[in-house]
Amino acid sequence: QIRVSAETADPLLVEKSWPRLVALVWPVEATPPSGRPGVLELVSGLHDRLAFGDLDPEVREALEPGILRAQALKEGLEQALAGRDPRTADSVSYQIEDTLWELERGLG
């Protein structure tokens with residue numbers, strides 16, 4: 001059986017690259033995630049915060065389009081992986097990172 005998957009190579013880089021987004025998804029006072037979260041976990045966490053109304057109205061207004069885009073890209077990545085299409089998966093992974101950079105700047 002052949003499987004294609006995606007994993008964040010260095011989860012520490014997630015915190016270094018997008019510290020504001022990580023703090024938004026996993027605040028210090030909250031129960032921290034088990035292990036080091038990767039890029040896909042960050043996207044899921046942002047989408048969960050949006051879906052459950054856990055964002056301040058100003059933050060929601062600023063980030064909602066980007067979060068929805070990141071979530072759609074994540075779903076596209078998962079479809080590419082399920083379809084054993086590593087070239088598309090690689091391309092989409094860069095689009096996800098670009099979207100996270102835009103979201104991080106939106107919090108600055």
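What follows is calculated from the coordinates using simple rules that are stated; it is not laboratory data. Here the structure is a predicted model, which is why all the values come from computation and not from measurement. Reconstructed Cβ throughout: ideal geometry from the backbone, glycine too, with neighbour counts over all protein chains shown.
Other residues with beta-carbon under 9 Å from the beta-carbon of Val14 carry, at +1 per Lys or Arg and -1 per Asp or Glu, a net charge of -1. For the chain, the longest principal axis of the Cα atoms and the long axis of helix 86-107 meet at an angle of about 10 degrees. Highest mean packing comes first when the peptides 35-44, 49-58 are listed by Cβ atoms within 10 Å, giving 35-44, 49-58.
Sequence gap at least 6, Cα distance under 8 Å: using those rules, report the relative contact order of the chain to the nearest whole percent. Provide the component values of the computation, followed by the final result.
Details: 89 pairs, mean separation 35.1, N = 108.
Result for the chain is 33 percent.
Determine the sum of side-chain charges near Val92: Lys and Arg each +1, Asp and Glu each -1, restricted to other residues whose C-beta is under 11 angstrom from that of Val92. For residues surrounding Val92, the net value is -4.
Would you kindly calculate the mean projected area, averaged across all directions, of the convex hull enclosing the Cα atoms of the chain, in square nanometres?
Working: hull surface 28.8 nm².
Convex hull of Cα atoms, orientation-averaged projection: 7.2 nm².
To the nearest 20 Debye, how big is the dipole of the chain about its Cα centre, given +1 on the beta carbon of each Lys and Arg and -1 on that of each Asp and Glu? Don't jump to the answer; show the numbers that get you there.
Working: 11 positive and 19 negative charges, 61 e Å.
It comes to approximately 300 debye.
Extending 7 Å from the Cα toward the beta-carbon at both Leu107 and Ser44 defines two label points whose distance is 1.8 nm.
Each residue of the stretch 46-51 is assigned a 3J(HN,Hα), and the resulting list reads 4, 5, 4, 4, 5, 5 Hz, derived from the Karplus form 6.51 cos²θ - 1.76 cosθ + 1.60 (θ = phi - 60°), x at Gly and Pro.
Along the charge dipole of the chain, Cβ charges K/R +1 and D/E -1, which of Leu24, Thr88, His47 sits furthest on the positive end? Projecting each Cα onto the dipole axis, the largest value belongs to Thr88.
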